[in-house]
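Remarks on the structure that follows.
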Amino acid sequence: MNILYNILIEFIDKILLPILSIFSKRINRFLKVRENLFQEMDEDINRKKKYIWIHAASLGEYELAIPLIKEIKKTFDNEIILTFFSESGFKLKERRHEISKTYFLPIDSNENAKKLVKVLNPKFAVFIKSEIWPNYINELKKENIKFYLVNYVYDKFNSRILEGILKKYTKIFTQDKNSEEELKKMMVDHALYIGNLKFNRAIMQKKEEYRNKKLINYLGDDKCIVFGSTWEKDEEIIFDYISKESNKNIKYIIAPHEVSERNISRIKTKLNNKVNLLSEDIYNAHNNVLIVDSIGVLKYLYSFSIISYVGGGFVKKGLHNVLEPCVYGNPVIFGKHFEFSNEAKGLIKLKGGFSVQNSKQLKNTINMLLVDANKLKEIEIINSKFINDNLVSINSIIKSIRSE
């Protein structure tokens with residue numbers, strides 16, 4: 001597998017991506033940001049220091065890792081270097097002060113793996129969720145550096161293909177009990193069920209203060225419904241619902257997954273430009289729709305909502321983080337594809353979450369909740385308990401790392 005993998009990686013790196021970059025701005029950016037990466041690291045990194053290397057695919061994985069990052073920083077004296085594979089990780093304006101330096105992850109070639117591990121020379125490395133890069137893993141193993149996989153979920157297809165690599169990890173902390181059991185059947189004996197860090201991140205998020213007097217004044221005493229991380233399929237039923245509702249005492253916040261100017265313009269046009277943008281200096285009180293045109297704030301905006309909708313549920317494996325609104329006790333609504341989200345399945349089972357397939361079901365669900373204050377209070381208790389019952393013992397992860 002290693003030979004075939006490396007042939008494929010070299011082909012992608014040296015031939016395919018350069019060709020595709022001519023036609024794709026996104027791929028061109030992918031290559032551009034990595035052009036002088038090792039030179040940048042050489043200038044930044046003190047070779048006499050031992051760093052802790054944490055890698056997350058994108059902003060979402062970084063967010064769930066924050067509680068662990070905070071505890072690692074408290075426990076170890078070493079500075080933390082964070083790497084991202086996706087550009088989304090760099091769109092967040094402010095990153096946690098625990099992180100000393102942030103870089104893109106170079107493509108997982110043999111050459112890059114040797115260079116990066118030599119430059120970073122980490123005390124240990126932590127990979128979040130599904131970030132399994134064979135050459136980086138092999139190089140860390142070769143250099144006798146300990147490395148961990150956190151919040152991993154077993155996948156029948158991918159886990160089997162990567163069985164040999166998974167066996168090399170110092171320890172794998174799984175998100176659910178089934179993942180631990182399945183990995184141990186594969187003789188990955190160092191798998192340990194620890195739980196889902198998303199729950200800890202949600203609690204931390206609730207404690208973080210978000211100040212926006214302009215927004216508070218705009219909402220006033222009106223009820224608010226937040227539609228978060230929406231895609232076009234979500235927006236089709238949301239726009240249909242909003243266009244047919246005439247309740248002037250409800251305000252709607254829509255936070256699209258893609259906040260490019262082009263996408264925001266498309267949404268404004270769909271809503272006949274009768275909207276406010278979060279970034280605007282003054283809000284028109286007559287417009288009851290507010291569009292979020294920046295990232296990093298949605299998780300806090302859910303606190304203003306009495307009902308929340310989470311997007312991505314019209315694509316398999318696309319549903320976004322339902323715990324962000326759940327932590328505030330909100331009833332959580334999402335699309336039909338929630339089977340790959342344990343958190344969404346848990347909310348459905350507890351009747352704190354609702355799946356809809358079209359605008360009619362969305363309307364019926366929202367209206368049912370709006371008219372029943374007792375139901376809303378009941379769900380608030382259910383969803384808050386759901387969060388608290390599933391918190392991870394991060395100290396167990398830290399103890400395990402220290403004892404290895």
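Remarks
- Residue among K123, K73, K101, K115 that is under 24 Å from Q175 (Cα atoms) and of a type outside the set (A, V, I, L, M): K73
- Yes/no for L271 being among the hydrophobic types (A, V, I, L, M, F, W, C), surrounded by fewer than 22 Cβ atoms within 10 Å (Cβ to Cβ), more than 26 Å from N383 (Cα to Cα) and modelled with pLDDT of 95 or more: no
- Residue match in the stretch 278-292 (condition: outside any loop (DSSP other than H, G, I, E, B), touching a residue at least 60 places away in the same chain (Cβ under 8 Å) and more than 30 Å from E404 (Cα to Cα)): yes
- Helices (runs of 4 or more DSSP H) contained in the stretch 332-389 and holding at least 1 residues open to solvent by 40 Å² or more (accessible area, probe 1.4 Å) and touching a strand residue (DSSP E or B) at 6+ places or on another chain (Cβ under 9 Å): 342-350, 359-370
- Residue in the stretch 252-262 that is open to solvent by less than 20 Å² (accessible area, probe 1.4 Å), in a strand (DSSP E or B) and more than 23 Å from F354 (Cβ to Cβ) present: no
- When K123, K167 are checked against the criterion of being within 24 Å of K399 (Cβ to Cβ), touching a Phe, Trp or Tyr at 6+ places or on another chain (Cβ under 9 Å) and among the charged types (D, E, K, R), K123 stands alone in meeting it.
- Filter result (charged (D, E, K, R), surrounded by fewer than 18 Cβ atoms within 10 Å (Cβ to Cβ) and either under 14 Å from Y148 (Cβ atoms) or in contact with a Leu (Cβ under 9 Å, 6 or more places away or on another chain) (or both)) within the stretch 172-195: D189
- The residue list N158, N135, N151 contains one member that is buried (at least 20 other Cβ atoms within 10 Å of the Cβ) and within 26 Å of E343 (Cβ to Cβ), which is N151.
- Among residues that are out of contact with any His (no Cβ under 6 Å at 6 or more places or on another chain), buried (at least 20 other Cβ atoms within 10 Å of the Cβ) and assigned to a loop (DSSP other than H, G, I, E, B), Y169 is included.
- Yes/no for S130 being in a strand (DSSP E or B), of a type in the set (S, T, N, Q) and touching a residue at least 24 places away in the same chain (Cβ under 8 Å): no
- Verdict on I52 being open to solvent by less than 20 Å² (accessible area, probe 1.4 Å), modelled with pLDDT under 95 and touching a helix residue (DSSP H, G or I) at 6+ places or on another chain (Cβ under 9 Å): no
- Matching entry among N200, N217 (being part of a helix (DSSP H, G or I), open to solvent by 10 Å² or more (accessible area, probe 1.4 Å) and within 29 Å of N388 (Cα to Cα)): N200
- Of residues in the stretch 111-131 being buried (at least 17 other Cβ atoms within 10 Å of the Cβ) and at pLDDT below 95, the one farthest from E163 (Cα to Cα): V119
- Qualifying residue in the stretch 298-311 (condition: buried (at least 17 other Cβ atoms within 10 Å of the Cβ), touching a residue at least 24 places away in the same chain (Cβ under 8 Å), in a helix (DSSP H, G or I) and in contact with a Cys (Cβ under 6 Å, 6 or more places away or on another chain)): yes
- Meets criteria (at pLDDT below 95, under 28 Å from N196 (Cβ atoms), among the aromatic types (F, W, Y) and open to solvent by less than 20 Å² (accessible area, probe 1.4 Å)) for Y62: yes
- Among residues of the stretch 390-403, those that are under 15 Å from P67 (Cα atoms) and either among the β-branched types (V, I, T) or not in a helix (DSSP H, G or I) (or both), counted: 7
- Residues considered: K118, K141, K74. Of these, the only one that is of a type in the set (K, R) and either over 27 Å from I9 (Cβ atoms) or in a strand (DSSP E or B) (or both) is K74.
- Odd one out for H320 among (1) over 16 Å from S229 (Cα atoms); (2) open to solvent by 10 Å² or more (accessible area, probe 1.4 Å); (3) under 22 Å from the mean Cα position of the chain (by Cα); (4) not aromatic (F, W, Y): (1)
The values are calculated or read from the model by the stated rules, or taken from the named source; none is laboratory data. Note that the structure is predicted; figures quoted are calculated from it, not measured. Quick reminder, even Gly has a Cβ in these numbers, built from the backbone with ideal geometry, and neighbours come from all protein chains shown. Side chains are part of the model used for accessible areas, which takes the heavy atoms of the whole protein and leaves out ligands, DNA and RNA. Shrake-Rupley method; radii C 1.70, N 1.55, O 1.52, S 1.80 Å.
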